[in-house]
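Here is the structure we will look at, set down as structure tokens.
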Amino acid sequence: MSREGPSRRVMVVDDDREIVEMTRLILESGGYQVVQAFSGEDALKSLPAERPDLILLDINMPGMDGWELLKLLKVDEATQGIPVAMFSIRFELRDKVLGLKEGAFDYITKPFSYDELLSRVGRIFQKLSENGDH
């Protein structure tokens, strides 16, 4: 069961703690609850308890990268319904296409501005509401 409005929970998965902290501050100022994970493994461990409404997932991480985590999320019945936005400095079109093909809902390029991040996350939730997914 997902939450409505400002109580939406967003999990930020990135090994760069500064990026996670900046993203958390921006999203919390927009009324979102933020859950932090600093690796793919951390995200997998905390998902059952945290149950986010959206995951912002970095691609380039040591150990389990974002592509591997995305695949695992999409084959597990417990997590396959959670929308994932890839969240990366990689800007090549093939990365964006691959992310969408693998089941990502959106692709957000870093660096991002305050307004851009809030706008993109807001649009994701708006599209989900229109589709009746969340």
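For the chain, a Gaussian network of Cα nodes joined below 10 Å ranks D115, D65, D15 by mean-square fluctuation, and the top entry is D115.
In the chain, helical runs assigned H by DSSP with n ≥ 4 each contribute -39500 (n - 2.57); averaged across all residues and rounded to the nearest 500, the mean residue ellipticity at 222 nm is -14000 deg cm²/dmol. In a reduced charge model with +1 at each Lys and Arg Cβ and -1 at each Asp and Glu Cβ, the chain shows a dipole moment near 300 debye about its Cα centre. Overall, the anisotropy analysis places the range 29-107 in the rounded class: the square-rooted eigenvalues a ≥ b ≥ c of its C-alpha gyration tensor yield a/c less than 1.5. In the context of the full set of protein chains, residues of the range 1-131 present 52 Å² of accessible surface per residue (probe radius 1.4 Å, heavy atoms only).
Counting only protein heavy atoms, what percent of the accessible surface of the range 21-66 is carbon or sulfur at a 1.4 Å probe?
Roughly 53 percent of what the probe reaches on the range 21-66 is carbon or sulfur.
For the pair L72 and D16, the difference between a 0.36 nm per residue extended length and the Cα-Cα distance amounts to 18.0 nm. The stretch between L100 and S46, if pulled fully straight at 0.36 nm per residue, gains 17.0 nm over its current Cα-Cα span.
The values are calculated or read from the model by the stated rules, or taken from the named source; none is laboratory data. Keep in mind that what you see is a predicted model, and the values were worked out from it rather than measured. Note that each Cβ is placed from the backbone with ideal geometry, even for glycine, and that neighbours are counted across all protein chains shown. For the accessible areas, the whole protein counts, side chains as well, though only heavy atoms, and no ligand, DNA or RNA atoms are used. Shrake-Rupley method; radii C 1.70, N 1.55, O 1.52, S 1.80 Å.
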